[in-house]
Amino acid sequence: MPRAVVGRSLLVSNDSSIVRQLTATLDRFAITADVCPDSATAVTLINTRKFEVVIVDMGLGEDAAFVLECVRLSPSNRNSVTFAVVNADEEQELQVLPNFVVRKPVSESEIGSILKAALGLVIRDYRRYFRCPVTVPVLIRMDGKAQIPCEMMNVSEGGVAAVTAVTFAPGTIVTVEFALPGEPVKFELQAEVCWCDHKGHVGLQFRAVPQDKNLLLQSWLSRKIEEGIPEPVMRLFQKHNGNPDTSRPQ
């Protein structure tokens with residue numbers, strides 16, 4: 001069974017000591033790390049993948065600041081939690097301010113404390129893109145007439161993927177109906193076909209989602225994420241937020 005994670009990180013550094021300490025601490029928090037030794041490759045990854053955390057070693061030179069700027073300009077990563085690893089003289093020269101600053105020499109205890117403070121932000125960003133595998137019936141209606149029964153593959157805050165016997169044209173506006181496991185309320189939402197692979201799979205992006213349904217979907221997804229968070233990580237989060245018994249990430 002795949003190891004549960006609460007986020008993915010991009011670690012941009014060519015310093016083996018920094019990489020070793022940061023990856024070890026990230027692993028403790030169930031955050032996976034893609035290590036990149038240079039700024040150019042990092043920018044390519046930022047433009048093609050989603051990361052909840054981006055850590056940049058400012059010792060890479062002038063291009064390191066450009067990496068942070070690219071994060072903020074990236075449609076997928078602009079809400080990512082950013083860290084700058086700096087020497088004392090580099091901190092005053094930061095042109096693009098990160099969410100958090102890690103000072104050299106890096107210590108696992110310091111980065112651990114900072115990650116505790118950032119964990120809520122990381123989990124919230126992860127939830128926005130989290131696709132929860134779930135198998136439930138889905139009904140797709142077209143033009144208010146044709147009703148096409150399908151089976152859901154996964155659901156996220158933004159839409160669903162489903163198995164279907166019908167081929168849909170991208171851009172088609174449909175109404176999608178489904179109920180989430182354990183929830184008595186039925187969802188009936190307008191959606192747009194984003195893709196259809198002609199192999200029986202279709203991706204639908206929600207359009208206008210009523211606030212009550214949006215909150216219900218967010219709450220359901222949050223619970224599913226929490227179920228997969230390793231207990232030690234959850235305890236760290238709860239301890240930092242001052243309520244070891246009931247605190248949960250929103």
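The numbers here are math on the coordinates, done by the rules we state, and not lab data. This is a predicted model, so every value here is computed, not measured. For neighbour counting, all protein chains shown are included, and Cβ atoms are generated from backbone atoms with ideal geometry for every residue, glycine included.
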Considering the chain as a Gaussian network with a 10 Å cut-off on Cα pairs, which listed residue, V12, V185, V101, attains the greatest mean-square fluctuation? V185
How high is the FRET efficiency between V136 and S76 when r is their beta carbon distance and R₀ equals 35 Å, given to the nearest 0.05? 0.80
Mean-square fluctuation check for the chain, GNM, Cα pairs under 10 Å: which of F83, F130, F168 is largest? F168
What FRET efficiency, computed as 1/(1 + (r/R0)^6) with R0 = 25 Å and r the Cβ-Cβ distance, is obtained for Y129 and Q95, rounded to the nearest 0.05? 0.35
What residues from the stretch 8-41 fall in the zone where the backbone N is under 19 Å from a label point 7 Å along the Cα-to-C-beta line of R103? 18, 22
Let me know the charge dipole size of the stretch 1-144 about its Cα centre in debye, to the nearest 20, where only the beta-carbon of Lys, Arg (+1) and Asp, Glu (-1) is charged. 980 debye
Per DSSP H run of at least 4 residues, take -39500 (n - 2.57); add these up for the chain, divide by its residues and hand me the 222 nm value, nearest 500 deg cm²/dmol. -11000 deg cm²/dmol
Pick from D63, D38, D197 the residue whose mean-square fluctuation is largest in a GNM of the chain, springs joining Cα atoms under 10 Å. D197
Might you report the magnitude of the Cβ-based charge dipole of the chain about its Cα centre, with Lys and Arg at +1 and Asp and Glu at -1, to the nearest 20 debye? 820 debye
Simple SL model, points at 7 angstrom along Cα→Cβ for T44 and E227; separation in nm is 3.9 nm
Please list, in chain and number order, the residues 5+ apart from V85 or on another chain whose amide H is under 5 Å from its amide H, with Hs placed from the backbone. V56, D57, M58, V102
Distribution of pairwise C-alpha distances over the stretch 72-130, 5 Å bins, in %: 4, 17, 24, 21, 18, 12, 4, 1
Once both labels are modelled 7 Å past Cα along the beta-carbon direction, what's the C194-E157 spacing in nm? 1.3 nm
Here D for the stretch 20-128, in µm²/s, from Stokes-Einstein with a Kirkwood Rh over Cα pairs at 10 °C and 1.306 mPa s, works out to 113 µm²/s
Whose amide H sits under 5 Å from the amide H of L180, counting only residues 5 or more places off or on another chain, with H placed in the peptide plane? F187
Number of Lys pairs in the chain closer than 26 Å at Cα, excluding neighbours under 8 places apart unless interchain, is 14
Per the stretch 91-239, sqrt(5λ) over the Cα gyration tensor eigenvalues, sorted largest first, in Å, gives 39, 18, 13
Along each of its three principal axes, how wide is the spread of alpha-carbon positions in the stretch 148-207, in whole angstrom units, largest first? 32, 20, 19
For the stretch 63-115, give the magnitude of the charge dipole about the Cα centre (Cβ charges: +1 Lys/Arg, -1 Asp/Glu; no others), in debye to the nearest 20. 260 debye
